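Report on the structure given below.
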Amino acid sequence: MQPYKKWTIYVLSFIMLSLSSIAGMNYVVDPYGIYHFAGREFNYQKSVESDPYLIKAFQVKKYEPDAIVLGTSRAMRLNPPFIESLTGWKTYNLGLSAANPKIDLAYLEYTMRVDNNLKTVFLGLDFEVFDNNYPDHANFKEARLSSFFYTQDLFASLLSEKALIDSRKVLTDNLRHTANYTENRYLGDGSFDENLVYPPNANEETVRLLPTKFQLSSKSLMNIQKIKELCDQNNIKLYVYISPVHAIVLETFWQNGLWSQFEDWKRQVTAIVPIWDFSGYHDISMSSLHDRENYNDLSHFSKKIGNLMLYRMLDKNIEQVPSYFGIRLTPDNIETHLIQLRADREQWPQRDHSILELINNY
């Protein structure tokens, strides 16, 4: 064999061995939590740069659940083990931060392609993401959902230099029991980890991000219509609900001059599909933010409240659900409901107060 051929073989062998070692290291450490979730004893913490848009596409294909949860980060408070305990359905939470109806539809279509077991969908609706100018999340990639293997994800998570560096950081944090590079934001079932410690200004940041202008997106409404049609055509049970946002969030809509748009949004979505509405001025939405029993922060209700929502939607243990919590909206009762909502606001002593004052004192 000619010397240059031996040299070529040695170099190629070295490259292949190096790439295999890097890929093996990144797969075992799994810095972004894509391929498996380790136990709480070791390698549980994952990189702060983990991308749920990537992770959940992998996980839902792996688990092939009977039921999924779609929606924004608020939807991540619906607890898959709790759903399974009530129904026996193997459930995965596909909620994604800042997901709009276009993204919900894309992940539903993807799940239907990779999961033959899908029979039930819980879809959470949030007013903000129906704005005509609301952008797609930066991590949303349609190409990821249109192919069985998205090579860009495989390379980025197994063979890139960044993945190798992040693996070292994740190992360091797990060995030292520190959190310099990692956090526990999501559980293996896709739901939110309520042990996460929020930054001190989280509530103020929520208010900053709430809309000051709003134009209802006809495309978003069409995407909800498509979701309903897909579920109907494939015998998939669809539960649609409006999140129980805190009364301060509702008051922000009012003070920003968006109440009529908020009401019209409810009219429009109710005309497409019956909806469970958990929003409003009631004891839960007006509860204190400080004890975090009902709300993880201003924007997100707790899993305890999510359990009450599931009781209501699934018609289980109804005696444990406050009578005011969860109204089934249809075109027949929507106007009565909107009138009552305005009347309930008038009874709230904190109406018209400064939003920042409410956040600090509530």
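The longest part of the chain holding none of the exposed loop GluC sites (Glu not before Pro), meaning those outside H, G, I, E and B in DSSP with at most 16 other Cβ atoms within 10 Å, is 50-193. Selection among PHE325, PHE278, VAL11 by position relative to the dipole of the chain gives VAL11 as farthest towards the positive end (Cβ unit charges, Cα centre). Amide H to amide H, with H built 1.01 Å from N, TYR295 comes under 5 Å of SER302, counting only residues 5 or more places away or on other chains.
So which residue, out of GLY71, GLY257, GLY33, gets the largest mean-square fluctuation from a GNM of the chain using Cα contacts under 10 Å as springs? Top of the fluctuation ranking is GLY257. Rounded to the nearest 5, the antiparallel percentage of DSSP beta bridges internal to the chain is 35%. Label zone of ASP232 (point 7 Å out along Cα→Cβ, amide N under 16 Å): in segment 253-283 this covers 269-275. Measuring nothing but how far apart in sequence close Cα pairs (under 8 Å, 6+ apart) lie, relative to its length, the chain scores a relative contact order of 18 percent.
When a/c reaches 1.5 or more, the comparison of a/b and b/c decides; with that in mind, is segment 268-362 rounded, prolate or oblate per its Cα gyration tensor? Show your work: numbers first, answer last.
Numbers: a/c = 2.15, a/b = 1.26, b/c = 1.70.
Verdict is oblate for segment 268-362.
When the Cα centres of segment 78-147 and segment 194-245 are compared, how far apart do they sit, in Å? When both Cα centres are located, 10 Å separates them.
All of the numbers you see were taken from the coordinates with simple rules; none came from a lab. Predicted, not measured: the structure shown is a model, and the values here were computed from it. Using ideal geometry, Cβ is built from the backbone for each residue, glycine included, and neighbour counts are taken over all protein chains shown.
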